[in-house]
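Down below is the structure, laid out as structure tokens.
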Amino acid sequence: MKKTILELKDIVKSFPGVLALNRLKFDLKSGEVHAICGENGAGKSTLMKVVCGVYKPDEGEIYVDGVPQSFSSPLDAYRNGVSIIFQETSLFEEMTVLDNIFLGHEIIKKKAGLKLLDYAAMRKKATEIFDRLNTKIDLNACIKTLGMAQKQMVEIAKALTFDANIIIFDEPTASLTQREVDALFDIINKLKQEGRGIVYISHRLEEIFQICDRVTVIRDGQYISTRNVADTNKDELVADMVGRAMTNYYPKAQTDIGEEIFRVEHYYDDGFLKDINFYVRKGEIVGFAGLAGCGRTELMQSICGFTGKAAGKVFLNGEEIEIHNYNDAKNRGIVYVSEDRGKYGLIVDMSIEQNITLPQLQNFANNMSIIDTEKEAEIAGKYLKEFEIKAPDTEFLVANLSGGNQQKVSVSKALALNPTLLILDEPTRGVDVNAKAEIHKIISELTRRNLSIIMISSELPELLGMCDRIYVMKDGSIAGCFDRGEFTQEKILSIALD
Amino acid sequence: MANKKKFKVTFNMLLFLIWILIFIGIAATSPVFLSPSYLLNVMLRNIIEIGMVALPMTLIIIMGGIDLSVGNIMILAATLGGLAAVTYGSAVAVIVTILTGLVCGLINGLVIVKAKISPMVTTLATMYLYLGISRGISKGSSIYSFDFATTMGTTSLFGIPVQVWIYVLLVVIFTVLLAKTTLGRKLYSIGLNENATQYAGIDVGKIKIAMYIICGLICALASFIWLGRFTSIKFDAGTNFNMKVITIVVLGGTSINGGIGSMIGTIIGTLIIATLNSGLTVMNIPIDVQTIVHGSVLIVALIAYAVVNSRAKKKKLIKIEAAPKQVASM
Amino acid sequence: MKKKLLQKIIAAAMVCILMVAAVAGCSKTETTPQGEQGGKETTGGKSDGKLVIAMLPKFKGENYFDACKVGAQEAADELGITLLYDGPPQDQATNQKQVDILEGWIAQKVDAIIVSPNDPTAIAPTLKKAQEAGIKVITFDADAQKDARDLFVNQITADAAGKGLLEAAARELKAKGYGADKKANIALVSGSGTDANQTAWEAAIEKYLATDEYNFMVIKNRETDVYYPGTDETKVNAECATLISRMGPGEDQIQAAIGLSSMATPALGAQYQSASQKPDANAITLTGLATPNALKTYIKDEENPMNVGMLWNCMDLGYLAVQVAYQLKNGDITTESTSINAGRLGTKEIVDRECVLGDALIFDKTNVDNFNY
Amino acid sequence: MVQEKKRTASFLTKEFYLAIFLLAVLIFLWIFAKGFYTINNIMSILNTYSYTLIAAIGMNMIIITSNIDVSTGALVSVVCLASAAIGKLGLPFPVLLPAAMVMGIILSTINGLFITKTKIPAIVATLATTQIFQGVLPLTTEGSIYDLPATFTWLAFEAKLFGIVPASVLMCLIITVIALFFMKYSRFSKKLYAIGNNQHSARLAGINVEKTIVITYAIAGALFGVTAIIIATAGQRVTTTMGSGLEMTLIASVILGGTSTAGGSGKVIGTVIGALILCIVSPAINYLGISPNWSDAIKGAIIMISVVVGAFQQVKKKRVIQIPKEVLNNGK
């Protein structure tokens, strides 16, 4: 008889400006693999972080084996039989694989009254686990020398060292090779047969049908449905994930698409990107789809001159241009808006106006380089009004804005440069539903002004809703291209997943 | 929005208050202190070199760097300049001194930017290097002043020592530079988020190198004044100079992590240290007690800074309420 | 919010404590320099009409200058004047700190300043400023530029010091079999390299090394055999250890080491004592300047090749310096005078604006216990 | 994009190159510096090396947690003087040593608490405590302490292993072995590295960051205490400045040993080699006939070259991975 080993009730968690989890519920039985499904930003990862003690829920209860629990840290959770494999690695870069796997729960042997680390035992256990995972990793290697996939395997190995009853996998296959994925599924099946409960977070529906027993769909931080995998199909899940009224979300403006303004031919960087060809027309929104690590961000950053050498031809308005650094791109009207607002996009401890003018400070200064703050406030005020950024004034610190409003500042900052081509990398990541719609509205408004836009997004519905054309990337090259009208989620996914 | 009008206690005001308290305290106990000639010719004159170097140091610390080698650049510049003066005369000495400052700063900047070594490690190494070179070249003996340096160190203009004028001029330039110009803004943004600054198309490396060069140049300028004031200089004269400069900058509320700080703070910091230095001396307080007072003032300032900062950091969060319970659990 | 308030209160409290500490420190030190006079409520100035003489050693916290201070205080008590005494800490024995202190005194318009400069030229502008302000400037222990002071109270002429040190070394070396037919290598451990005394003594030593009497002793390589370890204790010790390891009877080794600073000489003794294979005490000798207290252990130790030390009477030096300053200010003597009646020390000659305390004090195991400084 | 083959021979580490350099220097000295390898010189170098290394090991631990301590010199001076005050009473070394260690622990713990409680960056906080230590020192004792009894100087003058090796070397050896062992086999050491790497992740991993840092300072304080007692007992006179300038030597040794001031990396063995290289410079140039005036310049050049070479090696290594790390992390 399968008993419930993990139960979440009415979990609420909010972050500054965002309600991430809204009365979510979830349950896990022993010996089952229960998938959590949802769009990016639906709250899957946040939910699991609440479970394992990274975040404290604002409201709600967590029951492990029927006992209410509240873990203080992932280690605390591990010790109580709940282990998690994080999506983004939480590994210590300068430390070895072995040290990382056993950090905080090292195997100790007692010798002459001293508690010593038992490297032999740890090594043995780690080797066993990696053998089970069918991977080879040098246990003495520093984490910083490993690739993403290897890091992911280390995370998995770390979780497996705990004899946990509940194991949470947060998009574990995002950067794994097929062989590694197969090995992982074997492990999951084995764990399942041992009677453990597994939470499997993924947006790859194929995988869910391959190994999961039940699937819970959440959307915008809310519980939508729980179904038996055997009784459902892809369409049903997709419908649950995407939800109602797609048209409201994606107010695509009808624009006349003009002539070609930007073209990239036979573009390579030193190793990863291979033979990239694409073009963008005036007033067009071109989407770039693909899985994590497929090279979309790398391509755009390389074109904009952020990352080292590259080979290939880049044309702007029919003229071949060379971009050595981002200034070259910026001055020609090619502007990039980073996916990571906090790290690359904005200086959160500066005010809205200061952020907007940063890339072109010289334009807001007199010939003595003295900044004209009134001019700054003026332009910032313009965007504040136009994009309805919710801030009391333009001197408001960006850090105090919600994600959506921060993103609007990011876009304002780019637009202030009067670009001809705007590259938006994940423009709606970490933004709540309403702000998403507003940002989409802004984007389509821009095309009406004859701006061309490249949009990278991991949310297919967003691309489907907004784009005139979608390129699909895979392993550093372009694997396909669809026009509006011919693209569907299935077509794109089949190429991206392949 | 109403509280925007409300009077806000800034750190600089607090710092200013601390200074006034110290100043009044000392002036009350020792009237000699208040004489204009003492304030000008002693209190200010004695802090000028340190205060001067603290200005570019503020810029460097604001952009998230540090320079532990300033005192040694100053001594090296004076040493080479002084030696050049012996054989080639004052004019050459001036050029040599300035070039030394420039090259030393350039080396610091290049190593930090191109080899991507942390500023602390780099300037710690160059500290030894510059100290060692000046010691080796001077063979450990004193280097004597030359015409230009003597002029810089000893003359007065309208009854005020010329170095005070220079300092005031630099104060104005650096204050405007940091608070008003594009460069100042860029420095803050580098200190707050170097990646994002780079992604805004700003050449962070170039700015960093430029700052270390400016710092080197100001050190060279300070070396004239120092040399002129004392008529001779020795390789170890920079003992504690580096730490004193950093103390002043930190005392002025500049965060050692970069991104936060102001020139005004540094200037008040300079005044506090100057007042303590000269004031406590005039009160015949032994050096050891003075050191304790210096340390305590620094600690008080650091704590005051933490208090003000935590108030400023208090974010106005937009709270979003969760859906009512019954709706979700349907 | 409550916590913030607490923090604010703490901060405010600390400021108050600071101010109190400053004031308390002030009133405390007002009495300290006056020592036994006690109970006086003078505030540094000369409100009670007493002369104020300020004394500035190279640095504080070392018993050489402490002994000078004792003598100075004795003279001050005798003459009924106020003595201010302050100096840089030992690790900041730089000109800058001395100037800071001097400026303070100049502003207070003390009557006379007695100073032992760390750097003879760098301090000169400040001393001149003092003279311009009508303050009598006396140097003691070490001289400054001649035109920057009124009188120099010299403990010993450089000549006598150099000769005394060499004589001490020579006596020992000769006793150990060195002489005209068997040359001896000697090494000097100086201080920072700019100290006026040490430079003068070095010069005097080199002068005497050229004479027939002492030419059996040679400094083979000025670059490596004259040490300038500075004022860091650990550095002085480390360099003295290196020197001791280079000592021995061999021709490429060093047979005699002479310490020119009160840090170096004890360090030589200590490093010999702690050497693993002590160089043959019958083949080498150690000597130099230091206070008797600092050398006592080594001199009394039969095994240690340090048998004599040299110094002058520090207390007398301090005493004489204050006497000179007092009388110069009072007009009892002028810079032109040729002698001074220095209280318990009797009459001392003044030659070329230099007043010499007297001969060197050579101490060995027979009399080292008679001194307590 | 998975880089499987990037596995350089594991012994070709920073420490290895440093050791090769040291060896080269030693051979060079053997050929050119006559008399360098006399027992006396070696022992005196080893003695200096001992106290430098003992404190450097402590400093290394602090720097691994990505903190720093610039007050060490002042701290050592305080402990020296206080030990001398006790030593004047004729107490034997077995009493003095623990006393010095306890004083070191107390003072260093103050540093640690100050840093963790106020969240003031370590370099600034210890800059402030330096001044306090420096100032308090002369207040407690009148200047220097002289004529210390034989019981005090026992360590330097009498305690010799086989009549040759100073006992300080033995102490250093024991401490180094314990440190090597501790940093390898203790749970605590893993916490240090984790904190230095990423404080936030360390906290998530259930490490009490504040407590660990304070304990680290305390341990380092004990080691500073040992160093202080070796320095203090070198002669029968102790002044107020016994440790001044020491902190920079220590930091330089640690950096030369390959520990990054950013924290999270670095090995004890690197510090062992780094400190030795720096301790050899002064005597070596003296034996080579070079003026001691150049010793600081040579030290500076060695540190500079070592970090620059190390950095360029790193840059080269990084170039093998074609996509910058931050791009990869965001590429999902």
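Brief remarks follow.
- The requirement of being within 27 Å of the chain's Cα centre (by Cα), outside any loop (DSSP other than H, G, I, E, B), of a type outside the set (A, V, I, L, M, F, W, C) and farther than 29 Å from residue A:190 by Cβ is satisfied by residue A:144.
- Residues that are within 13 Å of chain D (Cβ to nearest Cβ) and not in a helix (DSSP H, G or I) do occur in the range B:129-139.
- Residue count, the range B:115-127 (criterion: touching a residue at least 24 places away in the same chain (Cβ under 8 Å) and within 9 Å of chain D (Cβ to nearest Cβ)): 4
- Note on the range B:143-157: residues that are crowded, with 24+ Cβ neighbours inside 10 Å and either of a type in the set (S, T, N, Q) or free of Cβ contacts under 8 Å to residues at least 60 places away in the same chain (or both) amount to 1.
- Test set (1) of a type in the set (Ser, Thr, Tyr); (2) more than 27 Å from residue A:221 (Cβ to Cβ); (3) not in a helix (DSSP H, G or I) - residue A:494 fails condition number: (3)
- Matching option when the condition is at pLDDT 85 or above and surrounded by fewer than 21 Cβ atoms within 10 Å (Cβ to Cβ), among B:221, B:183, B:178, B:187: B:183
- Of all residues in the range D:35-49, those that are polar (S, T, N, Q) and under 17 Å from residue D:159 (Cα atoms) total 4.
- Here the condition is being touching a helix residue (DSSP H, G or I) at 6+ places or on another chain (Cβ under 8 Å), in a helix (DSSP H, G or I) and without any contact (Cβ under 8 Å) to a residue 12 or more places away in the chain; of D:132, D:110, D:63, it holds for D:132 alone.
- Breaking point among (1) part of a strand (DSSP E or B); (2) away from every other protein chain (no Cβ under 14 Å), for residue C:171: (1)
- Verdict on residue D:188 being of a type in the set (Phe, Trp, Tyr), assigned to a helix (DSSP H, G or I), touching a residue at least 12 places away in the same chain (Cβ under 8 Å) and under 17 Å from residue D:230 (Cα atoms): no
- For the range C:150-191, filtered to residues that are free of Cβ contacts under 8 Å to residues at least 60 places away in the same chain and more than 23 Å from residue C:251 (Cβ to Cβ), the residue that is surrounded by the most Cβ atoms within 10 Å (Cβ to Cβ) is C:162.
- Verdict on residue A:271 being out of contact with any helix residue (DSSP H, G or I) (no Cβ under 6 Å at 6 or more places or on another chain), surrounded by fewer than 19 Cβ atoms within 10 Å (Cβ to Cβ) and facing another protein chain (nearest Cβ under 8 Å): yes
- Checked against the criterion of being closer than 19 Å to residue D:167 by Cα, surrounded by fewer than 24 Cβ atoms within 10 Å (Cβ to Cβ) and either of a type in the set (Gly, Ala, Ser) or in contact (Cβ under 8 Å) with a residue 40 or more places away in the chain (or both), the candidates D:92, D:98 yield just one match: D:92.
- Condition check for residue A:439: within 16 Å of residue A:284 (Cα to Cα) and among the aliphatic types (A, V, I, L, M): no
- Residues of the range A:446-486 that turn out to be touching a Cys at 6+ places or on another chain (Cβ under 8 Å), farther than 17 Å from residue A:429 by Cα and not β-branched (Val, Ile, Thr), as a count: 7
- For residue D:174, the conditions (1) away from chain B (no Cβ under 14 Å); (2) buried (at least 23 other Cβ atoms within 10 Å of the Cβ) are fulfilled apart from (2).
- Taking the numbered list (1) assigned to a helix (DSSP H, G or I); (2) of a type in the set (Val, Ile, Thr); (3) more than 25 Å from residue C:125 (Cα to Cα) in turn, residue B:75 passes all entries but (3).
- The set of residues in the range C:239-262 that are within 20 Å of residue C:195 (Cβ to Cβ) and either under 20 Å from the mean Cα position of the chain (by Cα) or surrounded by fewer than 24 Cβ atoms within 10 Å (Cβ to Cβ) (or both) comprises C:240, C:257, C:258, C:259, C:260, C:261, C:262.
- In the range A:292-364, counting only helices (runs of 4 or more DSSP H) that sit wholly within it, the ones holding 1 or more residues that are within 12 Å of chain D (Cβ to nearest Cβ) and farther than 11 Å from residue A:410 by Cα span A:296-303.
- The listed residue being in a helix (DSSP H, G or I) and of a type outside the set (A, V, I, L, M), out of B:65, B:81: B:81
- Those helices (runs of 4 or more DSSP H) of the range C:194-248 in which at least 3 residues are among the hydrophobic types (A, V, I, L, M, F, W, C), considering only elements entirely within it, cover C:196-209, C:233-245.
- Of the residues making up the range D:240-261, those that are more than 18 Å from residue C:90 (Cα to Cα) and among the polar types (S, T, N, Q) are D:249, D:253, D:259, D:260, D:261.
- Residues that are in a loop (DSSP other than H, G, I, E, B) and hydrophobic (A, V, I, L, M, F, W, C) were ranked within the range A:366-423; the one that is farthest from the other protein chains (Cβ to nearest Cβ) is A:387.
- Matching residues in the range D:101-140 - criterion: being at pLDDT 85 or above, within 20 Å of the chain's Cα centre (by Cα) and surrounded by fewer than 23 Cβ atoms within 10 Å (Cβ to Cβ): D:101, D:102, D:105, D:106, D:109, D:110
The values are calculated or read from the model by the stated rules, or taken from the named source; none is laboratory data. Owing to the predicted nature of the structure, the values given are computational and were not obtained by experimental measurement. For neighbour counting, all protein chains shown are included, and Cβ atoms are generated from backbone atoms with ideal geometry for every residue, glycine included.
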